[in-house]
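So the structure is just underneath, and the comments pick up after that.
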Amino acid sequence: MSQDVYARRRADLVNQLGDNDIVIVPTAPIKSRNSDVEYLFRPDSDFYYLCGFEEPEAVLVISPGREQGEVIIFCRERDPFKEMWDGRRAGLEGAVERFGADDAFPIDDINDILPGMMEEKDKVFTTVGRYPDFDAQLLSWVNKIKEDCKRRGKHAPYELVDLNHLLHEMRLFKRRDEIALMRKAGKMSAQGHIRAMQVCRPGMFEYQVQAEMECEFRKAGSHYNAYPSIVAGGENACILHYIENNAELKGGDLLLIDAGAEFGCYAADISRTFPVNGKFSGEQKALYDIVLAAQLKAFEKCHAGCSWNEPHDAAVEIIAQGLLDEGLLQGSLAEVLEKQSYTQFYMHRTGHWLGLDVHDVGDYQIDESWRELEPGMVFTVEPGIYVSPADSVDARWHNIGIRIEDNILIRKEGYENLTENAPKTVADIEALMAA
């Protein structure tokens, strides 16, 4: 993504600040997995949104009006020996030349340099509560400034302010560059789901299908999954966040896959459900068609001016009526909706924001009312039905878990389905698997 994009974001943020405020945003810390092995590093989403810097051990500072330049990055210096072992570094020069900083300093010198930048500032905007160790370090700097300023007639910052409210509202609305990345993530993810349908056979294990799918992600250019893949056959599909992915797949069962690739740090999030043996049974098709109808009904409420909750309400009504028609629920539609008895089989909401995080930032309500959908918002629409052996219904319905999920961009007129390439009608799925 062009550095002009990050510069524009920083300018938009600065326009919401006071002239004497300062922004301090750390990237994510490195986490140990075991012994001397670390988890694969991924930058903090807020930090990355503002500068695109992907290395660990870095802090972004935005200081409006600073004579030497408003944008400062603290980062690791170049070190040929360490780079030989752990990979190339941008260094201080790269932070300026490649990532738009006006100035760059060694991260090892932050204790000596950053407190001076905070002197005489009114407010410090930062990601409060996300990284406790950094919060403690920041408070120690403020206390040090207070002690030093008493002797010199200056003042320390008056407030520490959570940056999330301003920055997360910005992140909620995707611009052209972000949409292009999300469109790409959606297409490569859809191809992975197609591959899963093509290779799936009874006797395979869930992790083997997962491997085939994620291979497609990597071949298309995704370095990471957006989240741990859910590959759940039979009864496992009734566990909403099942990630063991180690069971053998059986003919006659459904396979629910909830998986998406990440591209340029932007997430896709697709769910598809299909028969392991390539052919839906009567009961499976009946419930599957209900879920698909619910999703299509929810899409009708995916346009600017609708409230966030309208797609959910539309999906719920279709699912509730369908469960009544198939005899899994009893009573009238009004009773089922009032008592929410449908939650025995559909217990989650119909969507969430999507972006740099798979469950992306942004308020769902404003002043205790569901917010209106606006152009640039991206979210999932993912109705489902789950019938486990614990449910007191006829056994022919047991072990059917179905979720159908797509990624929706609100446009000025209507919406765009960013993940429409993944087949989802019964006819299309069966034809693909038969081929």
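Derivation of every value follows stated rules applied to the coordinates shown; laboratory data play no part. Keep in mind the model is a prediction, meaning the values are calculated, not measured. For neighbour counting, all protein chains shown are included, and Cβ atoms are generated from backbone atoms with ideal geometry for every residue, glycine included.
A few points about this structure:
- Share of alpha-carbon pairs per 5 Å distance bin for region 3-171, given as whole %: 1, 8, 17, 21, 21, 15, 9, 5, 2, 0
- Inter-label distance for residue 371 and residue 130, nm, one decimal - labels placed 7 Å from Cα along Cα-to-Cβ: 1.7
- Lys/Arg +1, Asp/Glu -1 at C-beta; the chain dipole; positive extreme among 61, 118, 286: 286
- Near-label residues of region 141-174 by backbone N, under 16 Å of a point 7 Å along Cα→Cβ of residue 304: 173-174
- Trypsin sites (Lys or Arg not before Pro) within region 345-435, DSSP loop, no more than 13 other Cβ atoms inside 10 Å: 412
- The charge dipole of region 122-252, taken about the Cα centre with unit charges on the Cβ atoms of Lys, Arg (+1) and Asp, Glu (-1), comes to about 720 debye, rounded to the nearest 20.
- In percent, rounded to a whole number, the relative contact order of region 50-171 is 21, using alpha-carbon pairs under 8 Å and six or more apart.
- Residue of 416, 374, 97 that the Gaussian network model of the chain assigns the largest fluctuation, springs spanning Cα pairs under 10 Å: 97
- Of the chymotrypsin sites (Phe, Trp or Tyr not before Pro) found in region 84-164, the ones in coil according to DSSP and having at most 14 other Cβ atoms within 10 Å of their Cβ are 158.
- Highest-MSF residue in the chain out of 329, 254, 167 [GNM, Cα springs under 10 Å]: 329
- Of the DSSP H helices in the chain, those with a Cα length along their own long axis of 18 Å or more and a mean Kyte-Doolittle hydropathy reaching 0.0 comprise 282-299, 310-325.
- Charges were assigned to the Cβ only: +1 to each Lys and Arg, -1 to each Asp and Glu. The resulting dipole of the chain about its Cα centre is roughly 660 debye.
- From helices alone, the chain scores -11500 deg cm²/dmol at 222 nm; the rule is -39500 (n - 2.57) for each run of n ≥ 4 DSSP H residues, then divide by the residue total.
- In region 256-334, GluC sites (Glu not before Pro) in a DSSP loop with at most 14 other beta-carbon atoms within 10 Å: 300
- In the chain, Cα pairs under 8 Å separated by at least six residues give a relative contact order of 13 percent.
- Estimated at 0.36 nm per residue, the fully extended path between residue 33 and residue 207 surpasses their Cα-Cα distance by 60.5 nm.
- A Förster radius of 51 Å combined with the Cβ-Cβ distance from residue 169 to residue 434 puts the calculated FRET efficiency at roughly 0.60.
- Dipole moment magnitude, nearest 20 debye, region 3-171 about Cα centre, only Lys, Arg, Asp, Glu C-beta charged: 240
- Shown for region 286-435 is the translational diffusion coefficient from the Stokes-Einstein equation, using the Kirkwood radius over Cα pairs, a temperature of 25 °C and a viscosity of 0.890 mPa s: 150 µm²/s.
- Backbone N atoms of region 1-24 closer than 19 Å to the 7 Å Cα→Cβ label point of residue 155 belong to residues 17-23.
- Extending 7 Å from the Cα toward the beta-carbon at both residue 137 and residue 348 defines two label points whose distance is 3.5 nm.
- Taking the charge dipole of region 173-434 about its Cα centre, with +1 at Lys and Arg Cβ atoms and -1 at Asp and Glu Cβ atoms, the residue from 211, 302, 259 reaching farthest to the positive side is 211.
- Computed extension length for residue 425-residue 390: 9.8 nm, one decimal, from 0.36 nm per residue of separation with the Cα-Cα distance subtracted.
- Both radii were evaluated on the Cα set of region 133-193; the Rg over Rh quotient, with Rh as the Kirkwood radius, amounts to 1.36.
- Taken over the alpha carbons of region 173-434 as equal point scatterers, the Debye sum produces base-10 log I(q)/I(0) values at 0.07, 0.10, 0.11 Å⁻¹ of -0.23, -0.47, -0.57.
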